[in-house]
């Protein structure tokens, strides 16, 4: 039971959830909107696991991510959520070409739409959110090249012929994006150091094989 609980916590990816909360705060979201964004994100992660069905991760029941998603939609309460849902569905198909090598862009558009609902579709912050998450997701693909190749997943690094994993690139990119949102949020450096500590402590909890 303990291992199952840790597995589920790992699937939530606390290290990115912390940054997501910071991102939502930095773009001026209300507490209700932040709660909606968090629930939408976790619902997406659970939906992803339900679709991909990795043997090394605990299976998530459909009603869980559906309920969380509906509550998230209600709390976020912006039409931009339609774009978030569409981008999430595209990303969930990352095991299939051409969605696989376009997956960083699909992931980036998730945060673009979440930000656009708060700050506007033409806001530089929305496009910044798109670019940063797309780059960070590409860094995640660089981390998992060996596994993706074994699973015959055509991610962009695999398409480019890169054959070895770059394990530290993703966590470093996470620190960079966290730092940028921290700077925009204008909060104490204590919070940045605390977030780094949480990210480091939870990074390896997520089961990846």
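Observations, loosely collected:
- Per-residue Cβ neighbour counts within 10 Å put 198, 27 in the sequence 198, 27, beginning with the fewest.
- Overall form of the range 44-139 per C-alpha gyration tensor (a/c, 1.5; a/b vs b/c): oblate
- Potential lengthening between residue 163 and residue 97 on full extension [0.36 nm per residue; Cα-Cα distance subtracted]: 21.9 nm
- Gain in span if fully extended, residue 201 to residue 135, counting 0.36 nm per residue against the direct Cα distance: 21.5 nm
- Set of the range 121-165 residues, backbone N closer than 20 Å to the point 7 Å along the Cα-Cβ line of residue 183: 123-137, 139
- Note on residue 172 and residue 62: the model spin-label points, each 7 Å out from Cα along the C-beta direction, lie 4.3 nm apart.
- For the peptides 73-82, 29-38, 113-122, 161-170, residues were scored by their other Cβ atoms within 10 Å and the scores averaged per peptide; the highest-first order is 113-122, 29-38, 73-82, 161-170.
The numbers here are math on the coordinates, done by the rules we state, and not lab data. Just so you know, these numbers come straight off a predicted model, no measurement behind them. Note that we place each Cβ from the backbone using ideal geometry, even for glycine, and neighbour counts take in every protein chain shown.
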